[in-house]
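Worksheet: the structure to be examined is printed underneath.
The values are calculated or read from the model by the stated rules, or taken from the named source; none is laboratory data. Small disclaimer: the values here were computed from a predicted structure and weren't measured. These area figures cover heavy atoms from the full protein model, side chains too; ligands, DNA and RNA do not enter into them. Shrake-Rupley method; radii C 1.70, N 1.55, O 1.52, S 1.80 Å.
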Amino acid sequence: MRHHAERGMSVPPEVVFNTATDPDRAAAWLPEPLRRDGGSRPDVSTGQMRARWASESAPDWSAEIQVEPADAGGARVRLDLAGGSAQDAGLADETLANLAREAADNLTAG
């Protein structure tokens, strides 16, 4: 099943992207099937601030984000998430909420 979500964040886009692609922070925001067997290491296109995660042990699961600048120095993040079922309708929104929390924590820590 495919799930899509989009969200604005009041964190600079570079901080959001660096947080999202940091393997040490992946467990805090990625759905569990994407955290297995090295799935927390994404394929990254840094210039486009785009990243994709997949897991060999859960081949039906993948996630792709695109981070773009937004007004007032914030970011707009789009997430395409494959996996789960129809009952997981809020999973993409929850995943982005987790990323927003983690990015805000990363900003205040740095």
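Here are the numbers:
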| read-out | value |
| --- | --- |
| Residues whose placed amide H lies under 5 Å from that of Ala70, excluding near-sequence neighbours | Ala75, Arg76 |
| Accessible-area composition of the chain, carbon plus sulfur, in percent [1.4 Å probe] | 44 |
| Accessible area (Å², per residue) of the chain, counting only protein heavy atoms and a probe of 1.4 Å | 53 |
| Full-stretch length increase - Ala28, Glu6 - with 0.36 nm per residue and alpha-carbon distance subtracted | 6.1 nm |
| Over 20 Å [Cα-Cα, the chain], rounded percent | 32 |
